[in-house]
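Q: Please see the structure below; I have some questions.
Since every read-out is calculated from the coordinates, none of them should be taken as a lab result. Note that the coordinates shown come from a computational prediction; the quantities given were computed from them, not determined experimentally. Cβ coordinates were reconstructed from backbone atoms using ideal geometry, including for glycine residues, and neighbour counts include every protein chain displayed.
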Amino acid sequence: MGIQFKEVTFRYKGFKTEYQALDQVNLEIASKGEIIGICGHTGSGKSTLVQHMNGLLQADLGTVTVFDITLPSKKKVKLNSLRRRVGLVFQFPEYQLFEETILKDVMFGPKNLKMKEEDIEKIAKESLNAVGIDASLYDQSPFRISGGQMRRVAIAGVLAMQPDILVLDEPTRGLDPVGQKELMAMLYQIHVETQMTMLIISHDMDLLGQYATRMIVMKEGKKLFDGSKDLLFTHPDFSDMNLDYPTSIKVMKYLNKEISLPFKMLYSMEDVLTYLEANAHE
Ligand SMILES: Nc1ncnc2c1ncn2[C@@H]1O[C@H](COP(=O)(O)OP(=O)(O)OP(=O)(O)O)[C@@H](O)[C@H]1O
Ligand SMILES: [Mg+2]
């Protein structure tokens, strides 16, 4: 088992107030083979949830076990090793770039983890290659490339720590539509090659519909749903979940209603077109 939440409750503590952001969440995540989409209304606890996965936040009640480490713990825990195993890509990760060259920026994480000197540059280059950053850019400033490239460099910085599980908080937010598609295709390619489990927080149901193998829906700090896409989008309580259907499913529903085309769960418009071409003449 990669990650296990047992009855996790968490409160943000302010000066005079407390806010319960997670409420008795149970969760199990394997370290290989899954792309898990995490969705839910704004403020539902998605970012809070994933920040428990690498010890950035710790439960007030309940426990989170990540590989062999359980938090909170009475013993002193090496949070560094936890952070290496679960790579967390924050929202707008490019804000955290800071080194003078792209290569140095990606080498920063592995250096901090005291990886072997000769391995650090090699791993950094492999990570940049995986995110599609060309070797000709290695010595450039990370502040002189496009927003989409900056985000890729930031993701490479997390990949360079060689995590077992990769968590991305709204990875496509703020990118143009082409940049969003390219970034997702790139992440998917990394998943296919490594089988690394990825958790992706997103409000974009088209994106999650297309790539997620499992969906988690959060609502008011509770895990409302955890299961397959097909189950989610046919769930009788779907309308209470504050979610949208993927465009492809909306179109299939419409075609079913208007021209009695047999409904099928399809998760991309390309698949809808192929299906239409095969069935429209009948
Ligand atoms: N540092 C903080 N201090 C106090 N309350 C917080 C803090 N961070 C988040 N919260 C509150 O906890 C709740 C859950 O926040 P969280 O950021 O996990 O939601 P989210 O699902 O990621 O939302 P979004 O889709 O807007 O990113 C929200 O009501 C938020 O206002
Ligand atoms: Mg969030």
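Q: Take the eigenvalues of the Cα gyration tensor for the chain, scale each by 5, and report the square roots as semi-axes in whole Å, largest first.
A: Each semi-axis is √(5λ); the values are 33, 27, 16 Å.
Q: Return a whole-number percent for the relative contact order of region 1-141, with Cα pairs under 8 Å and 6 or more residues apart as the contact set.
A: Result for region 1-141 is 19 percent.
Q: Put +1 on the Cβ of each Lys and Arg and -1 on the Cβ of each Asp and Glu in region 57-100; which of 57, 97, 72 then has its Cα farthest toward the positive end of the dipole?
A: So the residue furthest toward the plus end is 72.
Q: So what J values fall out for region 26-34 if you push phi through Karplus, 6.51 cos²θ - 1.76 cosθ + 1.60 with θ = phi - 60°, rounded to Hz, Gly and Pro as x?
A: 10, 6, 10, 9, 7, 7, 10, x, 10
Q: Pairs of Cα atoms under 8 Å, at least six residues apart: use those to get the relative contact order of region 205-261, whole percent.
A: Reported as a whole number, the value is 30 percent.
Q: Next question, about the same structure. For the ranges 167-180, 197-210, what's the packing order if you count other beta-carbon atoms within 10 Å of each residue, average per peptide, and put the highest first?
A: With the highest mean Cβ count within 10 Å placed first, the list reads 197-210, 167-180.
Q: Which of the listed residues, 208, 19, 128, is farthest toward the dipole's positive end in the chain, when Lys, Arg count +1 and Asp, Glu count -1 at the beta-carbon?
A: It is 19, whose Cα lies furthest towards the positive end.
Q: Using +1 at the Cβ of each Lys and Arg and -1 at the Cβ of each Asp and Glu in the chain, identify which of 218, 279, 4 lies farthest towards the dipole's positive end.
A: Working it through, the farthest residue towards the positive pole turns out to be 4.
Q: Under a point spin-label approximation (7 Å from Cα along Cα-to-Cβ), what is the residue 80-residue 186 distance to one decimal in nm?
A: Taking the simple label geometry, residue 80 and residue 186 are separated by 2.9 nm.
Q: Counting Lys +1, Arg +1, Asp -1, Glu -1, what net charge surrounds residue 180 among other residues with beta carbon under 12 Å of its beta carbon?
A: Counting the neighbours of residue 180, the net charge comes to -2.
Q: Now for a separate question. Could you name the aspartates and glutamates whose alpha carbon sits less than 16 Å from that of residue 223, not counting residues in the same chain fewer than 8 places away?
A: Within reach: 7, 23, 28, 237, 240.
Q: Taking θ as phi - 60°, what are the ³J(HN,Hα) couplings along region 225-232 by the Karplus curve (6.51, -1.76, 1.60), each to the nearest whole Hz, with x for Gly and Pro?
A: With coefficients 6.51, -1.76 and 1.60, one gets 8, 8, x, 6, 4, 4, 5, 4 Hz.
Q: Continuing with this model, one more query. R0 = 45 Å: FRET efficiency of residue 139 with residue 67, Cβ-based, nearest 0.05?
A: About 0.80, to the nearest 0.05.
Q: Follow-up question, since we're still on this one. If a helix is a whole DSSP H run, which ones in the chain reach 27 Å or further along their own axis (Cα) and hold a mean Kyte-Doolittle hydropathy of at least 0.0?
A: TM-like helix candidates: nothing returned.
Q: Given a cut-off of under 8 Å on Cα pairs at least six residues apart, what relative contact order in percent is computed for the chain?
A: Answer for the chain is 22 percent.
Q: Sort out for me the Cα centre separation of region 1-68 from region 183-213, rounded to whole Å.
A: Each part reduced to its Cα centre gives a spacing of 20 Å.
Q: I've got another one for you. Using a Förster radius of 35 Å, what is the FRET efficiency between residue 20 and residue 118 based on their Cβ-Cβ separation? Nearest 0.05, please.
A: 0.15
Q: Distance between the C-alpha centers of region 77-99 and region 253-282? Whole Å please.
A: Rounded to whole Å, the Cα centres lie 42 Å apart.
Q: Now a separate question. Taking a threshold of 30 Å on the Cα-Cα distance, which of the pairs 222/250; 13/229; 32/253; 13/116; 76/125 fall above it?
A: 13/229; 32/253; 13/116; 76/125
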